[in-house]
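The values are calculated or read from the model by the stated rules, or taken from the named source; none is laboratory data. Keep in mind the model is a prediction, meaning the values are calculated, not measured. All Cβ positions, glycine included, derive from the backbone under ideal geometry; neighbour counts span all protein chains shown. Quick note on the areas: whole protein, heavy atoms, side chains included, nothing else; ligands and nucleic acids left out. Shrake-Rupley method; radii C 1.70, N 1.55, O 1.52, S 1.80 Å.
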Amino acid sequence: MLYMPTWTLPELQAVRNFVADREHMPLTQDDISERFYEFGGIFRHVFSPKLETIRDAQKRAIEDLDPKTCSLDEIDRGQR
């Protein structure tokens with residue numbers, strides 16, 4: 001599976017006007033900063049108009065985490 005690298009805050013802020021105009025989303029630099037610190041540099045999350053959906057999914061994923069079935073050794077080896 002191919003994943004794109006996350007964006008940096010300056011990169012997200014640099015494209016903010018283009019994306020905001022194109023998607024009709026009035027986002028300020030502060031909005032981008034807040035979303036960056038909440039979601040990291042994941043572009044689709046930072047510029048999503050459906051923040052509650054993303055927040056709900058993150059909350060469910062955290063609640064569903066079971067430390068008994070997850071070990072750092074498996075994560076380090078890329079296994080699950």
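Points worth noting:
- Over 22 Å [Cα-Cα, the chain], rounded percent: 40 percent
- Over the residues of the chain, the helix contribution to mean residue ellipticity at 222 nm works out to -18000 deg cm²/dmol, using -39500 (n - 2.57) for each DSSP H run of at least 4.
- Accessible surface of the chain [probe 1.4 Å, protein heavy atoms]: carbon and sulfur percent: 55 percent
- Protein heavy-atom accessible surface, 1.4 Å probe, per residue over the chain: 83 Å².
- Modelled spin-label separation between Glu38 and Thr69, with each label point placed 7 Å from Cα along the Cα-to-Cβ direction: 2.8 nm.
- Positive-end extreme of charge dipole, the chain - chosen from Phe47, Ala57, Met1 (charges on Cβ): Met1
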